[in-house]
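Here's the structure, in structure tokens; my notes come after.
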Amino acid sequence: EQREQMRQFRVEMTRFMMAYKFALDEMDTKVRILKEEFQLMHEYNPIEHVNTRLKSPESILKKVAKRNLPYTLDAIKESLTDIAGIRIICSFVSDIYRLKEMFERQSDLEIVEVKDYIAHPKENGYQSLHMILKVPVFLSDREEHVCVELQIRTIAMDFWASLEHKIYYKYNKQIPKRLTDELKEAAIAAAQLDYKMESLNQEINILKQQDHANEEPISSN
Ligand code: 0O2
């Protein structure tokens, strides 16, 4: 009896996780399409690279325990919005908002939440644009709308976040004040670099346009 229950739970859990994997596959395809088509239309690629990750069943259960949620798949589906995660790294801040708008225009996606930590950085300096999306997944007998957490950031924001993440874990959540102060300074420096790169890029684009205009054949008469 207990064995059968365990077997059934395992099948259900596998099916549950599968839906999140498929949602990530869908998002991966969407990102690839945007990247290829944008390159063709604008001769420019706004996406540096993309990472996807699926939370392990162990860390899902850890979060359930931490949040005191009931141990049911329905409750997990309802409350945990970051089981499936996708991170897009861009060169420029303007690309982040451009991508955000492209996703907002996709009629099959439901935007559940947007957290703009670029306009409003976190106290520690963290910057990134977060979107919680619901992605439709078509299974053999039903359609499921699965939550995916999308993080869009620049290379500089990502560099900062990965170091901060490392320090955070190394010090077991007790970071010395000197380090948090310096990290915050580094976040400000990263934001300044992003700003500088954006304006340099704009100037380069203007120069390119002018060059292009000068190359246009001048029609006689
Ligand atoms: P991991 O290991 O990257 O998956 P939540 O914590 O998700 O229950 P919250 O805090 O409202 O709820 O979500 P938020 O603010 O959207 O942040 C979720 C994710 O953003 C985190 O996931 C991190 O990936 C990233 N993040 C948010 N704040 C910081 C930060 O200060 N530093 C760094 N390095 N990353 C951050 P996880 O599950 O915490 O971590």
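Observations, loosely collected:
- Of all residues in the range 110-121, those being without any contact (Cβ under 8 Å) to a residue 60 or more places away in the chain and surrounded by 13 or more Cβ atoms within 10 Å (Cβ to Cβ) number 8.
- Filter result (loosely packed, with under 15 Cβ neighbours inside 10 Å and either within 17 Å of Gln151 (Cα to Cα) or basic (Lys, Arg) (or both)) within the range 22-35: Asp25, Asp28, Thr29, Arg32
- Of all residues making up the range 65-115, the number that are of a type outside the set (Ser, Thr, Tyr) and part of a helix (DSSP H, G or I): 18
- Some residue of the range 45-63 being part of a loop (DSSP other than H, G, I, E, B), within 15 Å of the ligand (Cβ to nearest atom) and either out of contact with any strand residue (DSSP E or B) (no Cβ under 8 Å at 6 or more places or on another chain) or in contact (Cβ under 8 Å) with a residue 24 or more places away in the chain (or both): yes
- Some residue of the range 203-211 being of a type outside the set (Phe, Trp, Tyr), in contact with a helix residue (DSSP H, G or I) (Cβ under 7 Å, 6 or more places away or on another chain) and part of a helix (DSSP H, G or I): no
- Residue match in the range 164-174 (condition: closer than 30 Å to Ala75 by Cα and more than 10 Å from the ligand (Cβ to nearest atom)): yes
- Whichever residue in the range 127-155 is surrounded by fewer than 23 Cβ atoms within 10 Å (Cβ to Cβ), touching a residue at least 24 places away in the same chain (Cβ under 8 Å) and outside any strand (DSSP E or B) and, among such residues, is nearest to the ligand (Cβ to nearest atom): Ser128
- When Ser94 is tested against (1) over 13 Å from the mean Cα position of the chain (by Cα); (2) more than 17 Å from Lys134 (Cβ to Cβ); (3) among the polar types (S, T, N, Q); (4) within 16 Å of the ligand (Cβ to nearest atom), exactly one condition is not met: (4).
- Note on the range 108-126: among residues that are charged (D, E, K, R) and farther than 26 Å from Asp194 by Cα, the one that is farthest from the ligand (Cβ to nearest atom) is Asp108.
- Residue list for the range 76-131, filter: in contact with a His (Cβ under 6 Å, 6 or more places away or on another chain) and basic (Lys, Arg): Lys115
- Residue pairs meeting the criteria (Cβ under 8 Å; at least 6 apart or on separate chains; first within 14 Å of the ligand (Cβ to nearest atom), in the range 69-86; second hydroxyl-bearing (Ser, Thr, Tyr)): Leu69/Ser79; Ile83/Tyr20; Ala84/Tyr20; Ala84/Thr52; Gly85/Thr52; Ile86/Thr52
- Only one of Phe9, Phe38 that is among the aromatic types (Phe, Trp, Tyr) and surrounded by fewer than 17 Cβ atoms within 10 Å (Cβ to Cβ): Phe9
Values quoted throughout were computed directly from the atomic coordinates according to the rules given, and no laboratory measurement underlies them. Since the model is a prediction, treat every value here as computed from it, not as a measurement. So basically every Cβ, Gly included, is an ideal-geometry build from the backbone, and we count neighbours across all protein chains shown.
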